[in-house]
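See below for the structure under consideration.
The values are calculated or read from the model by the stated rules, or taken from the named source; none is laboratory data. Source: prediction; values computed, not measured. Heads up, the Cβs are rebuilt from the backbone with ideal geometry, glycines too, and the neighbour counts pull from every protein chain shown.
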Amino acid sequence: MKPLAHVLLALLLAALQAALLRWVGGGWFSLALPAACLVWLGLHGGNVEGSVAAAGVGYVLDLVTGSHKGLLTALAVLLFLVVRGVSASVDLRSRVAFGVLSGAGALFLSLGAMALQRWAVPPEAAPGAVLLPRMLGEAALTGLLAPALVPVLRRVDGLFEREEPGLLG
Amino acid sequence: MFALFQRYRELILVAVLVLVPLGVFFAHAKRPPERSRLDRAVVWLATPVERAVGWTLSSAVSAWDGYVALRGSHERAREADGRIRDLEVENRRLLAYRSEAERLRALLAFTASPDERRYLGARVIGVRLGTTGLQVLTLDRGEADGIARMMPVVVAEGVVGRIQAVTGSTSDVLVLTDRNSSIAVRIERTRARANVRGLGKPDAAKLDFALRTEDVIEGDALVTSGTDGVFPRGIPVGRVTQVDPRARGLFQDARVVPAVDPTRVEEVLVMTSWERAGGAAPAALAPGGAP
């Protein structure tokens, strides 16, 4: 159930950011809040649950971004693995670190998607390097907003944590 | 085999989760993205959230525009009202200037007529309407400016009256609609002579001494005949209305609408010299005087 909860949260975040960007930015900038969800899964999720949830979040990203099916799903699982590797070597507990990692995760998704598309998609349909400033902006904004999602992500995780019976239990 | 799978199941799962989507992507990369029923169902789930967020944000924006952003608008509206009032006053002043300029331009064109007439411009500074029907305009020019009694007072549209009294710096004009005013005229169409006498009303006068045998019709233009020694010839006086041909007697009656409404005159021209018929000097106009 936990992966499903994360997938639903990612869907909620995607809808929220779509509405926000419609009303606040008018399309001038973009966000990738589900990337923060992936980073959270990489930091706090288990291998199986985390990777499944990451795949689900990637599926949601594929849907909401309108990209080819499978592209962001694979990248999301890769991002999950990268974050897992980073967290194994570096202690990342603060919100700032989470924000930085979320920003980097958003950039990873964007650049990865661009690279894969330039490779696999016909040249006339592939994204160009002109999108780079937008990607950087998206990563920066995502990194700025990601710390605000920490309580929500904790809450979702808390829904599935069981109290261990203690000595008095 | 199963033991191997059990040992690396997590790795295999992750590999599957990466490789299968990648395979799907590469398999469909050359075609435009399509959405299955499941995809559409998932997107449909997100729609209410987007709508709710949109509604919340639009409500917040409209609340901001409707209430918070209106802070200080009362003061701004008051300032704008004050400015509008100032501009209206300024606009009225400019309209008055324009109207004055048009009148003065007409007077200037009138004075440019090719004859021996000389004019002195004057401004109406007072109006006196007596209970006896006396209608007098006071001008800001007087004897010191060369104005004398009996001088004709005109505007571009026609006769206003004549100078009745003069002081050093002002002069009084007896307007043509005054009961004491009588001006010798000709009917422009037939050249028949008559008199226009005031009735004490600002918008009406009477045609006197028009012979019953003369052809007078409504709409006939009346101009000064110059025979009274006060007004030069050819200045418009008014237009005939309501002709009443009598069955007997020497004369016929008719009403005259003056060419000039003396109540609306602001600037006038006093004719200080002009060519006189037969070299006759200006003579005082007596009420009821014959032409």
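Go through region B:12-46 and count every residue that is of a type in the set (Gly, Ala, Ser), more than 14 Å from A:GLY70 (Cα to Cα) and either in contact with a strand residue (DSSP E or B) (Cβ under 6 Å, 6 or more places away or on another chain) or more than 7 Å from chain A (Cβ to nearest Cβ) (or both).
1
Taking the options A:ALA120, A:ALA113, name whichever one is at pLDDT 85 or above, within 14 Å of chain B (Cβ to nearest Cβ), closer than 21 Å to A:GLY70 by Cβ and surrounded by 13 or more Cβ atoms within 10 Å (Cβ to Cβ).
None of the others qualify; the one that does is A:ALA113.
Among the residues of region A:87-102, is any within 11 Å of chain B (Cβ to nearest Cβ) and either within 17 Å of A:ALA54 (Cβ to Cβ) or touching a strand residue (DSSP E or B) at 6+ places or on another chain (Cβ under 7 Å) (or both)?
No, region A:87-102 contains no residue that is within 11 Å of chain B (Cβ to nearest Cβ) and either within 17 Å of A:ALA54 (Cβ to Cβ) or touching a strand residue (DSSP E or B) at 6+ places or on another chain (Cβ under 7 Å) (or both).
Of a type outside the set (Ser, Thr, Tyr) and within 14 Å of chain A (Cβ to nearest Cβ): which single residue out of B:ARG9, B:ARG78 fits that description?
Selected residue: B:ARG9, the only one of B:ARG9, B:ARG78 that is of a type outside the set (Ser, Thr, Tyr) and within 14 Å of chain A (Cβ to nearest Cβ).
Is it true that A:ALA19 is at pLDDT 90 or above, surrounded by 18 or more Cβ atoms within 10 Å (Cβ to Cβ), part of a helix (DSSP H, G or I) and touching a Lys or Arg at 6+ places or on another chain (Cβ under 9 Å)?
When the stated conditions are applied, A:ALA19 does not pass them.
Take the conditions buried (at least 17 other Cβ atoms within 10 Å of the Cβ), touching a residue at least 24 places away in the same chain (Cβ under 8 Å), in a helix (DSSP H, G or I) and touching an Asp or Glu at 6+ places or on another chain (Cβ under 7 Å) and apply them to A:ALA106. Does it pass?
Considered against the rule, which asks whether it is buried (at least 17 other Cβ atoms within 10 Å of the Cβ), touching a residue at least 24 places away in the same chain (Cβ under 8 Å), in a helix (DSSP H, G or I) and touching an Asp or Glu at 6+ places or on another chain (Cβ under 7 Å), A:ALA106 comes out as yes.
Just to be sure I understand the filter: pairs with C-beta atoms under 6 Å, separated by 6 or more residues or on different chains, first member in region A:37-58 and within 11 Å of another protein chain (Cβ to nearest Cβ), second member surrounded by 24 or more Cβ atoms within 10 Å (Cβ to Cβ) and small (Gly, Ala, Ser). Which pairs pass?
A:ALA54/A:ALA76; A:GLY58/A:ALA76
Looking at region B:215-223, is at least one residue among the β-branched types (Val, Ile, Thr) and part of a loop (DSSP other than H, G, I, E, B)?
Yes, because at least one residue in region B:215-223 is among the β-branched types (Val, Ile, Thr) and part of a loop (DSSP other than H, G, I, E, B).
Go through region B:1-113 and tell me which helices (runs of 4 or more DSSP H), entirely inside it, have 2 or more residues that are under 33 Å from the mean Cα position of the chain (by Cα), of a type outside the set (Ser, Thr, Tyr) and at pLDDT 80 or above.
B:73-111
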